[in-house]
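The values are calculated or read from the model by the stated rules, or taken from the named source; none is laboratory data. Small disclaimer: the values here were computed from a predicted structure and weren't measured. Glycine gets a Cβ as well: all are built from the backbone with ideal geometry, and neighbour counts include every protein chain shown.
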Amino acid sequence: MSNENYPVLLSPITVGAHELRNRVIMGSLHTRLENEPDAIPRLVAFYSERARGGVGLVITGGTSPNFEGRVEEGAQVLDSEEKLLEHTPVVDAVHEAGAKIVLQVLHTGIYAKHPQIVGPCASASPINRRVPREMSSDEVERTINDFVKCALLARQAGYDGIELMGSEGYLITQFTAPRTNQRTDKWGGSFENRIRFPVEIVRRTRESLGPGFLIMYRISAIDLVEGGLTGEEVNQLARAVESAGADALNTGIGWHESVVPTIATSVPRAAFAFAAARLKKVVSIPVVASNRINMPATAEEILAKGEADLVSMARPFLADPEFVIKAATGRTDEINTCIGCNQACLDHIFTDRLATCLVNPKACHETEFSDELPEVKRRIAVVGSGPAGMACAATAAERGHQVVLFESNQDIGGQLNIARRIPGKEQEFSELIRYFRKRLDKSGVEVRLGVLADTEDLIRQKFDHVIVATGIKPRIPDIEGRGHPKVVGYIDVISGRAQVGEQVAIIGTGGIGHDVAELLTAPKRGVTTNPEFFDAWGVDPSISTRGGLREPVKETPARKVTMLQRSDTKPSARLGKSTGWIHRAKLNKRGVPVITGCTYHKVDDAGLHYSVDGEMRILPVDTVVMCAGQDPEQSLAQPLEKAGIGVTLIGGARFASELDAKRAIDEGTRLAYSL
Ligand code: NAP
Ligand code: SF4
């Protein structure tokens, strides 16, 4: 593979006794594929596609060394030879495709989602209602032996090594940090006692498996929780793990219960590479950087600056299995970039669903999409170039159909163009449009911009099928005074067309309401640099404090904004599980209240009149922004159907409630496969 574009990233490296073909690691992803009835063929398809796509080393999803450590009911445990069959087909397929593969050994400790939960102490995590049982001293010994046994079984399955999961707040981290370890035996108390658990796991694993087996240790490079390790303690742990026999240090950032975002879209790219760079100075084994590295240039820069020796990316391989091959063959502009939304990966996992990817609906569904092309090639019109329309048009053209994509605006993208104006979303949503633009171009879709497709036109042009992806119309609730000059729609606000005053009411607290509140209160457009991000969230990159936390710098909001909703539900209930808290925390810091249980009465010169529990109130605002959801825009469909033309509605045009890009891209892609 050529390395001319990314000379360091794509150069080989020796880790332990293993030569990797490049420095790209596919990081561990919890997909829940193992819970599916046809798990093995699906896991083989998932991993082998990524290995064929060029990664140097694959790290599997977490597998527990014993029953208590499993993630949830049905999750993988490797504790006996009978279970090797769950692993060997995957290992063989990855090897056949030229990549190395290590098994991630993960004991979840107090994060486990099952009744047999254990931990260093009997205290529950703030993000898990289950109270753990404290492990006895004997049980700690037994658990270490289970880790060693799991590593031996991994070697038997053909794995090149293991990654010991010692970050993100799982059991190993729970032992190392005073936050979760108040034990009084030799496994708790002093720093030396607290790190004994991971050091013994590494030492005994090396002793049992000898020098050739790769042992990677994923260290929590900055805990980002109170009662976490100090920077000096992280350094000492790194050195101890190296001396005990680890071949490489992968890095993890924060615990799952941290209240600092570490992987969301709004985290600047490579923001946490500094934590890997710190460790590189104190150990001589290779160090791996991770977190919000989603394009090859970012990865190359980290390596070229000497901040790390390898780069681990996990979600970017859900988004694009061919990431490496595209980077290596001068096709970076074809990479489907992970936008850090977490909507189809983490949010699915947190709600017990199979992971997939917003920008790539084939992820974890590989076996459902056939490469066989349709025999009959059709002439297809797609009306609307939002995510649904773009995904459908590009996929249909790639499958051999002749496709014309109509867009009434002067550019493609639809609602993505609105999303990319929100602070923190600019870069990644622009990448998504760039990706589709390239795909449409490469697949030969005829894109007609500035054309408002009408029924007669479409009939005259004799399309075999018309796909209506015309999206949504923002809903303007029927409130007295809705025509008052104070009332504006969210699209006008986000696109900068509307004048917005100093005091603002936002009607609606869904994703859009939160986005608008962030936009209107942002001290400036986006916190895009590392120092600004660290200031806003109270990260101490010198890790001189426990957990690397400090007081966040107070932000002065640009406006006084109040959000309102009719229901009594939690205001962020409509937002994604893994990112909703970030939006709420940000707006809390900016003093944005949410008033629930409202009945709206009217808007007039005095402001917004509403009542709560029958009590009349007035918000004396200059502007009322309507973020009250959407209705489908499907006016084209009926006349076309009447004219006998095959019509399919997709995305927001089919169903506007809970409209999101994930469903839109999925529907567009799947429809194109059915044509
Ligand atoms: P939404 O999530 O459905 O929220 C609509 C809001 O409007 C609710 O707060 C609802 O609250 C209120 N509402 C609905 N009908 C109303 C009416 N007739 N009068 C007054 N208020 C009304 O819709 P959205 O905020 O437009 O978001 C659309 C989709 O975009 C979401 O499904 C989401 O997936 C996606 N999105 C997500 C994000 C994100 O997660 N950051 C950002 C942008 C978009 P009450 O009914 O309680 O009043
Ligand atoms: Fe990335 Fe979003 Fe896909 Fe997850 S769902 S892999 S965060 S683009």
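Go through (1) of a type outside the set (D, E, K, R); (2) more than 16 Å from ligand 2 (Cβ to nearest atom); (3) in a loop (DSSP other than H, G, I, E, B) and name the single condition His514 misses. Evaluating His514 over (1) of a type outside the set (D, E, K, R); (2) more than 16 Å from ligand 2 (Cβ to nearest atom); (3) in a loop (DSSP other than H, G, I, E, B) leaves (3) as the failure. Exactly one residue out of Arg654, Arg663 is within 16 Å of ligand 2 (Cβ to nearest atom), buried (at least 16 other Cβ atoms within 10 Å of the Cβ) and not hydrophobic (A, V, I, L, M, F, W, C), and it is Arg663.
The condition (being surrounded by 21 or more Cβ atoms within 10 Å (Cβ to Cβ), farther than 20 Å from Gly646 by Cβ and either outside the structural domain of Arg434 (by TED's automatic domain parsing) or more than 16 Å from ligand 1 (Cβ to nearest atom) (or both)) is satisfied by just one residue among Asn336, Asn409: Asn336. When we screen Thr509, Thr470 for residues that are more than 15 Å from ligand 1 (Cβ to nearest atom) and of a type in the set (S, T, N, Q), the only hit is Thr470.
Among the listed residues Gly444, Gly450, Gly400, Gly496, which satisfies the condition of being surrounded by fewer than 19 Cβ atoms within 10 Å (Cβ to Cβ), closer than 30 Å to Tyr600 by Cβ and either touching a helix residue (DSSP H, G or I) at 6+ places or on another chain (Cβ under 9 Å) or among the small types (Gly, Ala, Ser) (or both)? Exactly one residue qualifies, and that residue is Gly496.
Among the residues making up the range 13-53, those that are over 30 Å from Arg353 (Cα atoms) and in contact (Cβ under 8 Å) with a residue 40 or more places away in the chain are Ile13, Val15, Gly16, Ala17, His18, Leu20, Arg21, Asn22, Arg23.
For (1) buried (at least 21 other Cβ atoms within 10 Å of the Cβ); (2) in contact with a helix residue (DSSP H, G or I) (Cβ under 8 Å, 6 or more places away or on another chain); (3) in contact (Cβ under 8 Å) with a residue 40 or more places away in the chain, each residue gets a yes or a no:
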site	(1), (2), (3)
Ala248	yes, no, yes
His256	no, yes, yes
Ala270	yes, yes, no
Val288	yes, yes, yes
Asn294	yes, yes, yes
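For the range 344-366, the candidate set comprises residues that are polar (S, T, N, Q) and at pLDDT 95 or above; within that set, the residue that is nearest to ligand 1 (Cβ to nearest atom) is Thr356. The range 560-658 holds strands (runs of 3 or more DSSP E) entirely within its bounds, and those carrying 2 or more residues that are of a type outside the set (A, V, I, L, M), in contact with a helix residue (DSSP H, G or I) (Cβ under 7 Å, 6 or more places away or on another chain) and within 30 Å of Ala672 (Cβ to Cβ) map to 630-632. With respect to the conditions (1) surrounded by fewer than 24 Cβ atoms within 10 Å (Cβ to Cβ); (2) within 16 Å of ligand 1 (Cβ to nearest atom); (3) small (Gly, Ala, Ser), Gly386 falls short on a single one, namely (1).
Determine whether Asn235 is buried (at least 24 other Cβ atoms within 10 Å of the Cβ), touching a residue at least 12 places away in the same chain (Cβ under 8 Å) and not acidic (Asp, Glu). So Asn235 does not fit the description; no.
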